[in-house]
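Undergrad: For reference, the structure I am asking about is given below.
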Protein chains: 2
Amino acid sequence: MFKKITIIGMGLIGSSLARVIRKKKISKHIIAHDKSSTVLQKVLKLKIANTIEGSLAKSVLDSDLVIICTPLGTYKNIAITIKPFIKKNCIVTDVGSAKLAVVKILDKIFKSNIAWIPGHPIAGTELSGPEAGFATLFQNRWCILTPVNKKNKTSLKKLIGFWRKTGSRVQTMTPEHHDKVMAITSHIPHLFAYNIVGTAANLESSTKSEVIKYSASGFRDFTRIASSDPTMWKDIMIANSKEILAMLKNFNNDLNVIKKAILKKNSKKLYQLFTKTKKIREDIIKAGQDISKPNFGRES
Amino acid sequence: MFKKITIIGMGLIGSSLARVIRKKKISKHIIAHDKSSTVLQKVLKLKIANTIEGSLAKSVLDSDLVIICTPLGTYKNIAITIKPFIKKNCIVTDVGSAKLAVVKILDKIFKSNIAWIPGHPIAGTELSGPEAGFATLFQNRWCILTPVNKKNKTSLKKLIGFWRKTGSRVQTMTPEHHDKVMAITSHIPHLFAYNIVGTAANLESSTKSEVIKYSASGFRDFTRIASSDPTMWKDIMIANSKEILAMLKNFNNDLNVIKKAILKKNSKKLYQLFTKTKKIREDIIKAGQDISKPNFGRES
């Protein structure tokens, strides 16, 4: 399908891609680049790439598919560095969680000379680094592609085929729509999780130790998301700030409705508010996007 | 230990208690009461109690331990109904998630004639009903007791012994302190989860279906808590409204700090805010209050 694939950034997503590419034999040759030589040494030990390449420019030479798997804040420099070394007909894509802002930057750099197709697999865990990856990460998850240049039809087809081979289902949409949907489904949940756990982290140490002790009452769920990679997430919040702040207004308005109902001890209203939420989880389970076991299947 | 134990309310917690009492042979006789005859028929089929009793008053006759496992809003009527039928030296306890408001009501009704010791096991799932219970629910979880009457020393010792036999660790504290800690660890997380999922539930149906489709990006985690029993949770929000609203102010102040950092694209500040949260999860895992596997151990 692709003779050579270059993965830039060998963290959770990059290393999971390397694993699934090998497992499903999507490409004969994987070139792994990371700015950290420690990470590249780990990749070597894990035997998940054919070649490790410390030079970013060299890593894309002769490659048929380049996948950028680094935090959004690094895109601009990466694009400028690799542009002169990308061969004809090579597809360049990424896995970033916010699209519009970075797509604009890369469009300007790549112009129409390079088949640049932005992407975002809706998959991950709270862990980071090459050891955290696994080959089934994309299984049954959606991958969103936000193609902007209509000239890239053949490349788009190839890229869709690539993601399907990783186990993903593929959906295309505009970067604007992607950012709106992700603000609700991902960015705001992370923001609230970071906020709730952050408030707890600020408590005096005796109270904090109690929060840890009694966290099974709900709090622990939020700590999973709030232990995601801070470098990655600060970049997402900034890249999609417009949609996030707009959506935050909606959430705040709804929060005020709940607050008012609590203040007025309006039992009926609270019952009504807390009833409509159950169906959403049922639909998520039906859609195969979460497991039906209570407590996410955790023991007790 | 207790010859006869009465469980009032055979939902998730009540039925889990019945199961563990049988499994660990804590009592020879379990009397199950529920206002719903359908629930009692289910209890009969599940064979988790020795006797089912449709009359609340009769259910406590001759019992040595009465455990109230119903929503907080039902406590007052239950206390008034059972008071004349409770035998001497019987211990009355509960499992409610907010303490001060209901403790005050029950103190007035029971006065010092009855050994009333409020309790709260920090355990549960998002499911409800007698089928949802299981014997290991309390294993390695904390149970908080908030004794108010110092005359009940012997009874308190017995009750602590009871909870230890269920697999729980036991901690005593004042109702005031309990409500403050639970506002952070349980009530506010539930409030935010209900709020986030509620906002999504209000979206137009095309967007809503996308939220479900891409929920693995973070949103799905919040839907678990937000599918908890609405009757139980409206009562908790009202019973602990003072602490919840006070704590909400702290969270809002911290949220404004994050919002400002996003608005000003303050990368350093966001990095700093998102970094301090990871340790809390590590501490929770160390304390045995969550599993260390990524994604709560869910497959992909």
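Undergrad: Quick check on B:K88: is it over 22 Å from B:M237 (Cα atoms), surrounded by fewer than 17 Cβ atoms within 10 Å (Cβ to Cβ), more than 14 Å from every other protein chain (Cβ to nearest Cβ) and out of contact with any Leu (no Cβ under 6 Å at 6 or more places or on another chain)?
TA: On the way: over 22 Å from B:M237 (Cα atoms): yes; surrounded by fewer than 17 Cβ atoms within 10 Å (Cβ to Cβ): yes; more than 14 Å from every other protein chain (Cβ to nearest Cβ): yes; out of contact with any Leu (no Cβ under 6 Å at 6 or more places or on another chain): yes.
Yes; evaluated as a whole, the condition is true for this residue.
Undergrad: On to the next question. Evaluate the following for B:K108: is it under 29 Å from A:S217 (Cα atoms) and either surrounded by fewer than 22 Cβ atoms within 10 Å (Cβ to Cβ) or charged (D, E, K, R) (or both)?
TA: yes
Undergrad: State which residue is surrounded by the most Cβ atoms within 10 Å (Cβ to Cβ) when the search covers only the range B:283-300 and only residues that are of a type in the set (K, R) and not in a helix (DSSP H, G or I). Outline the logic, then answer.
TA: As a first pass, look at the range B:283-300 and keep what is of a type in the set (K, R): B:286, B:293, B:298.
Pick out the ones that are also not in a helix (DSSP H, G or I) and you get B:293, B:298.
Numbers: B:K293: 13, B:R298: 17.
Result: B:R298.
Undergrad: Hey, could you check the range B:231-246 for residues that are closer than 21 Å to A:T199 by Cβ and more than 8 Å from chain A (Cβ to nearest Cβ) and say which is surrounded by the most Cβ atoms within 10 Å (Cβ to Cβ)?
TA: Residue satisfying both the conditions and the ranking: B:N240.
Undergrad: How many residues does the range A:208-230 hold that are assigned to a helix (DSSP H, G or I) and either crowded, with 24+ Cβ neighbours inside 10 Å or at the interface with another protein chain (Cβ under 7 Å from one of its Cβ atoms) (or both)? Let's see the steps before the verdict.
TA: Let us first name the residues in the range A:208-230 that are assigned to a helix (DSSP H, G or I), namely A:208-213, A:215-217, A:219-225, A:230.
If we keep only those that are either crowded, with 24+ Cβ neighbours inside 10 Å or at the interface with another protein chain (Cβ under 7 Å from one of its Cβ atoms) (or both) as well, we get A:210-213, A:215-217, A:219-225, A:230.
Number of matching residues: 15.
Undergrad: Within the range B:120-163, how many residues turn out to be under 17 Å from the mean Cα position of the chain (by Cα) and either among the β-branched types (V, I, T) or more than 12 Å from chain A (Cβ to nearest Cβ) (or both)?
TA: Qualifying residue count, the range B:120-163: 8.
Undergrad: Can you give me the ranges of the helices (runs of 4 or more DSSP H) entirely in the range A:19-96 with at least 3 residues that are touching a Ser or Thr at 6+ places or on another chain (Cβ under 9 Å)?
TA: Numbers: elements: A:37-46, A:56-59, A:75-82.
In the range A:19-96, the matching helices (runs of 4 or more DSSP H) lie at A:37-46, A:56-59.
Undergrad: Select, from B:A193, B:A201, the only residue that is more than 20 Å from B:G14 (Cβ to Cβ), touching a Lys or Arg at 6+ places or on another chain (Cβ under 6 Å) and at the interface with chain A (Cβ under 8 Å from one of its Cβ atoms).
TA: Going through B:A193, B:A201 in turn, just one is more than 20 Å from B:G14 (Cβ to Cβ), touching a Lys or Arg at 6+ places or on another chain (Cβ under 6 Å) and at the interface with chain A (Cβ under 8 Å from one of its Cβ atoms): B:A201.
Undergrad: Still on this structure, please answer the following. Spot the failing condition for A:T166; the list is (1) within 7 Å of chain B (Cβ to nearest Cβ); (2) at pLDDT 95 or above, and only one is missed.
TA: If we test A:T166 against (1) within 7 Å of chain B (Cβ to nearest Cβ); (2) at pLDDT 95 or above, just (1) comes out false.
Undergrad: Under the condition of being assigned to a helix (DSSP H, G or I) and either aromatic (F, W, Y) or more than 8 Å from chain B (Cβ to nearest Cβ) (or both), which residue from the range A:262-282 is farthest from B:A261 (Cα to Cα)?
TA: Restricting attention to the range A:262-282, the residues satisfying the condition of being assigned to a helix (DSSP H, G or I) are A:262-263, A:267-275, A:278-282.
Cutting the leftovers down to either aromatic (F, W, Y) or more than 8 Å from chain B (Cβ to nearest Cβ) (or both) gives us A:268-269, A:271-272, A:274.
Working: A:K268: 38, A:K269: 34, A:Y271: 35, A:Q272: 35, A:F274: 31 Å.
Applying the filter and picking the extreme gives A:K268.
The values are calculated or read from the model by the stated rules, or taken from the named source; none is laboratory data. All of these numbers come straight from a predicted model, not from anything done at the bench. A quick note on method: Cβ atoms are made from the backbone with ideal geometry, for glycine too, and the neighbour counts reach across all protein chains shown.
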